[in-house]
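This report concerns only the one structure given below.
The values are calculated or read from the model by the stated rules, or taken from the named source; none is laboratory data. Here the structure is a predicted model, which is why all the values come from computation and not from measurement. Virtual Cβ from ideal backbone geometry, glycine too; neighbours counted across all protein chains shown. Just the protein is used for accessible areas: all its heavy atoms, side chains included, with ligands, DNA and RNA removed. Shrake-Rupley method; radii C 1.70, N 1.55, O 1.52, S 1.80 Å.
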Amino acid sequence: QYTIPGRQSNVTLTIFNEAGQLVKSLVNQVQAAGSYEVVWNGQNDFGQQAPSGVYFYKLQYGENIATRKMILLR
């Protein structure tokens with residue numbers, strides 16, 4: 001879940017592995033201000049299941065960037 005405050009902006013939400021390699025691009029579009037929810041199905045951009053492990057997601061909108069760690073368990 002995330003919230004875009006203020007006005008609409010270009011939003012990107014991407015997932016990276018521990019090596020910093022891009023695993024999945026979940027959002028890459030202009031979104032209006034508001035609350036959103038995205039669910040990652042555990043697949044990479046090629047439709048293959050990502051292995052269990054530590055991943056990082058990066059949410060960027062406007063000039064704001066947030067990076068957090070998450071764990072995928074199978």
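If Gly47 meets every condition in (1) at positive phi; (2) open to solvent by 50 Å² or more (accessible area, probe 1.4 Å) apart from one, which number is that one?
(2)
May I ask you to list pairs of residues, at least six apart or on different chains, whose Cβ atoms are under 7 Å apart, with the first in region 22-50 being over 26 Å from Pro5 (Cα atoms) and the second being assigned to a strand (DSSP E or B) and open to solvent by 60 Å² or more (accessible area, probe 1.4 Å)?
From region 22-50, the pairs are Gly42/Gln49; Gln43/Gln49.
Go through region 12-28 and report how many residues are surrounded by fewer than 18 Cβ atoms within 10 Å (Cβ to Cβ) and either in contact with a strand residue (DSSP E or B) (Cβ under 9 Å, 6 or more places away or on another chain) or more than 13 Å from Asp45 (Cβ to Cβ) (or both).
11
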